[in-house]
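Chemist: Here it is: the structure, laid out below.
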């Protein structure tokens, strides 16, 4: 379902490169649940943004349902993402007026395959009935 080979992402820092991700290879099969863990600054969110097809400034091979994402145009990636993927952003403060007072909710990035509803990952979340969708 998702296969990545030698994914790299870097930012120029003078004449050198500062690598955020280096030689990342992984495979996630249909039905698998995967957790991405690591210390702050390890590249977890960067990897999720690449997997979610929000980021195009990377190198390597990325296959999603056997489609070569690394060969797609920005428009093709957007169409594939919008058709197949949902994303709950780590920057939850964008929804503060809906989330305030709901400290029991997991506030982290969540990458999921459609047609799942974004709150299904935490059915005990008291915000479930207060969101507009």
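Chemist: Output the residues belonging to the stretch 37-60 that are closer than 22 Å to residue 86 by Cα and either exposed (fewer than 14 other Cβ atoms within 10 Å of the Cβ) or touching a helix residue (DSSP H, G or I) at 6+ places or on another chain (Cβ under 8 Å) (or both).
Modeler: The answer is 37, 52, 53, 54, 55, 56, 57, 58.
Chemist: Sticking with this structure for a sec: Being farther than 17 Å from residue 86 by Cα and not in a loop (DSSP other than H, G, I, E, B) is the requirement here; does residue 7 meet it?
Modeler: yes
Chemist: Select from the stretch 35-84 the residues that are assigned to a helix (DSSP H, G or I) and closer than 21 Å to residue 17 by Cβ and write down the one among them that is farthest from the chain's Cα centre (by Cα).
Modeler: For the stretch 35-84, the residue satisfying everything is 70.
Chemist: If the Cβ limit is 6 Å and pairs must be 6+ apart or interchain, which residue in the stretch 66-77 that is under 20 Å from residue 27 (Cβ atoms) pairs with which residue that is surrounded by 14 or more Cβ atoms within 10 Å (Cβ to Cβ) and at pLDDT 95 or above?
Modeler: Between residues of the stretch 66-77 that are under 20 Å from residue 27 (Cβ atoms) and residues that are surrounded by 14 or more Cβ atoms within 10 Å (Cβ to Cβ) and at pLDDT 95 or above, the close pairs are 69/62; 70/61; 70/62.
Chemist: Take the stretch 64-94 and flag every residue that is touching a helix residue (DSSP H, G or I) at 6+ places or on another chain (Cβ under 9 Å) and modelled with pLDDT under 60.
Modeler: 90, 92, 93
The values are calculated or read from the model by the stated rules, or taken from the named source; none is laboratory data. Predicted, not measured: the structure shown is a model, and the values here were computed from it. Glycine also receives a Cβ, built like all others from the backbone with ideal geometry; neighbour counts cover every protein chain displayed.
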